[in-house]
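Written below as structure tokens is the structure these notes are about.
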Ligand code: SF4
């Protein structure tokens, strides 16, 4: 006999696409929905509602989002789900009328700045009850022209969906979707840098910092819930505090966070031109601010940096990279490069290779340039053929494979504190969760060790892969 599970009216699932920043938003949405009576269930279990939190910063992300919308609309047509809400970056990028016309089967559309309305919209839709927010709070700064029924704000739309002051999750509470031992800490929203290739300032709005006391409160909450590693994220973490203190103030925040009883504090999304001596000192002087840095540099040639509208030239970039290596010799450095930006020549790519050979990045991502209609770069001349861009990416990744391979061989025999976070898998301070490689554990293993810290000795290396045993 075939048994079909009944559909419970208040069950919902969430599909979270995109980066860690988007995942934190999903965690806030799960918390919001469970606080008004919804129950989170795995996707595909005849849930009444599916929330799709989307990404749209480049064409590949848009394609993935649209594939997921179509897949979920298919499930809705087959009666496997009743309601579909599409939220986040994708609805922020397009005019609402166009989305309603393209996907009439989607029940709720909410941009990033409207995501606080999810619980009210779904309460009304599913429970047919008018949602009355407990309190209406404004958001400081910016120039909102509309205030939603739960305090969310919207600005005037231009050719994209909207350009908003970035929304802040007001209470910092969220339901963890990551393992217990680490938590992302989103310290600000939005970006003011306006790199010429990037759609994020338009999608996510202008930079808005979370106040210091809110970040500390959220950090304490995550530590109380079991996090031993806090991963600082934002569009540009180094910009934190600029809208509060009149100047970027990440070192102030780091020095306060370092007082908390947490083992590792990890810095991601560092913008090079805002690195200064205070920032380097905060890493050097606090044991729990680990010697790891994610600093997406995108390019190194001054000509390309200028045309990408980065706020520094090659000399400045090389100066801070040298300083990092001198001041913090065991610093693990992660970066990303874009190949094939308009006007890029073989000489520009050679400059990247030279810098890679000097700096020895520990983790590196390399991407082909993606032309996005709304950006300044899309209107630039001297486009680079996509096949040429791919070839350049391949060359850089081959070089990185050799450089990291040599570096990893030199790690054989070294010992590290690691967190065990998968069957026979571990990370040291040198590897960030989800984006970096892991250490494969050989020898003694016990599943009860999962989510705990142990000491590991590196016993083998091949290319990107490291092998170690617990000591
Ligand atoms: S720093 Fe540049 S690339 Fe990064 S989010 Fe801001 S505009 Fe985009």
Item checked: the range 411-470 - percent relative contact order, Cα under 8 Å, separation 6 or more -> 40 percent
Margin query: Could you tell me how far the Cα centroid of the range 224-239 sits from the Cα centroid of the range 302-317, in Å?
Written below: 28 Å
Next item on the list: Average the reciprocal distances over every distinct pair of alpha-carbons in the range 1-124, invert the result, and give the Kirkwood radius in Å.
Entry: 14.6 Å
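For the ranges 95-102, 248-255, what's the packing order if you count other beta-carbon atoms within 10 Å of each residue, average per peptide, and put the highest first?
So the peptides 95-102, 248-255, ranked by packing, come out 248-255, 95-102.
Over the chain, calculate the relative contact order: mean separation of alpha carbon pairs under 8 Å at least 6 apart, over the residue count, as a percent.
Relative CO of the chain lands at 9 percent.
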Next item on the list: Would you mind listing how long the range 45-108 runs along its three principal axes, going by Cα atoms, in whole Å with the largest first?
Entry: 31, 22, 15
Next item on the list: State the three equivalent ellipsoid semi-axes of the range 327-471, derived from the C-alpha gyration tensor as the square roots of 5 times its eigenvalues, in descending order and whole Å.
Entry: 37, 17, 12
Next item on the list: Enter the mean projected area of the convex hull around the alpha-carbon atoms of the range 1-74, in nm², rounded to one decimal.
Entry: 5.8 nm²
Next item on the list: Would you mind estimating how fast the range 369-415 diffuses translationally, via Stokes-Einstein at 4 °C and 1.567 mPa s with the Kirkwood radius over Cα pairs, in µm²/s?
Entry: 95 µm²/s
Checklist line | Rounded D (µm²/s) - the range 411-470, Kirkwood Rh over Cα pairs, Stokes-Einstein at 25 °C, 0.890 mPa s | finding: 219 µm²/s
Notebook entry, point to check: Cα-Cα pairs above 43 Å in the chain: how many percent?
Noted result: 16 percent
Item checked: Residue-averaged 222 nm ellipticity for the chain, from DSSP H runs of 4+ at -39500 (n - 2.57), nearest 500 -> -10000 deg cm²/dmol
Margin query: On C-alpha positions alone, give me the angle between the axis of helix 386-410 and the longest principal axis of the chain, in degrees, nearest 10.
Written below: 60 degrees
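Since every read-out is calculated from the coordinates, none of them should be taken as a lab result. Source: prediction; values computed, not measured. Don't worry about glycine lacking a Cβ; one is built from the backbone with ideal geometry, like all the others, and counts go over all protein chains shown.
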